[in-house]
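A short write-up of the structure that comes next.
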Amino acid sequence: MIAYPDRKLEGYIRIKNYDKKLYYYFFAHRTPLSCLFLNQEGTLIATSSLKGTLIRIYNVSNGILIKEVRRGTESSFINYIAFDITQKYLAVNSDRKTIHLFFLGNNNNEIIIDDNNENVKSKLFSEEDEVIDNKRSAFNGINKFIKYFGSEYSFTKFKINFNKSISTFGPDNSIIIVTYEGKYYQVGFEPVNNSESYKIQEEKF
């Protein structure tokens, strides 16, 4: 499976599923996309735009908005997004030198993916003129989802001295961060709102 921004339609995601021989695209953001990240199973995709204030998580198979989280209110460039393997947490790295961690799902349970909910099913588009004609209605649908789910802030964050980095989840509630300048961090966190993250290890390569 491959996911990438549409070259012509601003804010749209294209999906190529080689196993199912499907090729489709759906609307994600009003401004150009800056970062996309699939979970390990290829069932969820996290997206951000150049504005960098909101991160949205969609069901890959039908384009339904499952959850929206808020990094902040000021614009920033998001460098990297990562799911943990259990789909309980999401990490977001930005050029404001912070890594934000978010809960996914309810009560810290695995996020629920429903491919058969006809009441909220998004429309997948295969013809470019249909996409353009339905752009306004597609965004109105997203607004309804946002009002229903709401956007949530991170439960903890970690500050680094570098504005470009990638991250992945480690063992025992930890996250591993590597900067483009060659700095390595392992940071521990408690899965509680407004908790303090703490540095476990720091190395320079």
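Tabulated values for the structure
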quantity	calculated
Accessible surface of region 24-71, 1.4 Å probe, proportion on carbon and sulfur as whole %	51 percent
Euclidean distance of C-alpha centroids, region 24-102 and region 148-196, integer Å	14 Å
Region 1-86 - accessible surface per residue (Å², probe 1.4 Å)	44 Å²
Residue order for E202, E196, E74 - accessible surface, 1.4 angstrom probe, largest first	E196, E74, E202
Listed pairs K51/K164; K97/K183; K97/K199; K16/K67; K67/K183 exceeding 20 Å between Cα atoms	K16/K67; K67/K183
Gain in span if fully extended, S195 to E41, counting 0.36 nm per residue against the direct Cα distance	52.5 nm
Net charge of Cβ neighbours under 12 Å - reference N79; Lys, Arg +1; Asp, Glu -1	+3
Order of exposure, largest accessible area first, which applies to Y180, Y89 with probe 1.4 Å	Y180, Y89
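The values are calculated or read from the model by the stated rules, or taken from the named source; none is laboratory data. Here the structure is a predicted model, which is why all the values come from computation and not from measurement. Quick reminder, even Gly has a Cβ in these numbers, built from the backbone with ideal geometry, and neighbours come from all protein chains shown. The accessibility values were calculated without ligands, DNA or RNA, using every heavy atom of the protein model including side chains. Shrake-Rupley method; radii C 1.70, N 1.55, O 1.52, S 1.80 Å.
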